[in-house]
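Read-outs throughout are calculated quantities, based only on the coordinates presented, and are distinct from any laboratory measurement. Just so we're clear, the structure is a prediction, and the values are computed from it rather than from any experiment. Virtual Cβ from ideal backbone geometry, glycine too; neighbours counted across all protein chains shown.
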Amino acid sequence: MHIHVRNPDESASSDPALFAQVQEGVRKHCPGMIVQFSTGGRGRDPAARGNALDLRPDMASLSTGSVNFPTIVYENSAALVTDLATRMQAHGVRPEIEIFDLSHLPGTRRLMDAGLMDERPHVQVVMGVKNALPAEEHLLDLMLGELRRVLPQATWTAAGIGANQARVMEWVLARGGDGVRTGLEDNIRVSHDRLAASDAELVRLAAEAVARHGRRPATPAEARAALGLHAA
Ligand code: ZN
């Protein structure tokens, strides 16, 4: 469960107290579920993006380079990325690497070579953000080729934004990816003319896609083992 928090005025927040509340609720109501905090931008003060890492979520997202977003530059300077990776390592938080551009793969390799993470992070290629990497199947193959070359031990998935969600999921499953990503953060529709009722509906559709490919969703314990996380 990838988590952002918001202030009452709806702006994205880095307030550790809010992250703590959500983490506590997830652990209470969904024992074993993997908790992943976002350290992403969305208008957050860069200096505060790692403020909740000392709450020791299982994982945190980490973007290893900058990219254009629909209306802003998503800034991840080398110094900021290094600082976030250092804090994750200090608190035993495993990274999910968010790859928005090819250059973010060698950006991840540099963190490994600096001893700031092990060789087996979970890597997510994000496709279909306006002004960033387009959701094209051949581009996923290009990214995977480079991922396997520079990060050969990493587990991986890809996320498709908006209407790309279902088709990117199919590409990932067809290539034996280690997971799929879904949810209302990326996509609010189940079809061009119908809104998703909830995250739960999108998760159900993802589980059906997994089954169509002859696989099944991992249990929390299996997922923890596959991602190198401690047992709940
Ligand atoms: Zn997010």
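Backbone phi angles across region 44-54, fed through the Karplus curve with coefficients 6.51, -1.76 and 1.60 (θ = phi - 60°), yield HN-Hα couplings of 6, 5, x, 5, 9, 5, x, 5, 9, 5, 6 Hz in residue order; Gly and Pro are listed as x. The value given for the chain is a Kirkwood hydrodynamic radius of 18.1 Å, derived from the mean inverse Cα-Cα separation.
Simple rule: put +1 on each Lys or Arg Cβ and -1 on each Asp or Glu Cβ in the chain, find the dipole, and look at GLY43, SER198, THR71; the Cα lying farthest toward the positive end is SER198. One decimal place: the segment SER103-ASP193 gains 28.8 nm when fully extended, by the rule 0.36 nm per residue minus the C-alpha distance.
Please go through region 93-182 and write out the trypsin sites (Lys or Arg not before Pro) that DSSP classes as loop and that have at most 15 other C-beta atoms within 10 Å.
LYS130, ARG175
Compute the orientation-averaged projected area for region 59-153 from the convex hull of its Cα atoms and round it to one decimal in nm².
Values: hull surface 22.6 nm².
One quarter of the hull surface, i.e. the mean projection, equals 5.7 nm².
The phi torsions of region 108-115, fed into the Karplus equation with coefficients 6.51, -1.76 and 1.60 and a -60° offset, translate into couplings of 6, 4, 4, 5, 5, 5, 7, x Hz, rounded to whole numbers, with Gly and Pro shown as x. Out of every Cα pair in region 129-232, what percent are spaced more than 23 Å from each other? Here the tail beyond 23 Å accounts for 32 percent of pairs.
Relative contact order, percent, of the chain when contacts are C-alpha pairs under 8 Å separated by at least 6 residues? Write out the running numbers ahead of the final one.
Numbers: 373 pairs, mean separation 31.4, N = 232.
Computed over the chain, the figure is 14 percent.
Taking the chain as a Gaussian network of alpha-carbon nodes connected by springs under 10 Å, the highest mean-square fluctuation of the residues GLN36, GLN124, GLN89 belongs to GLN89.
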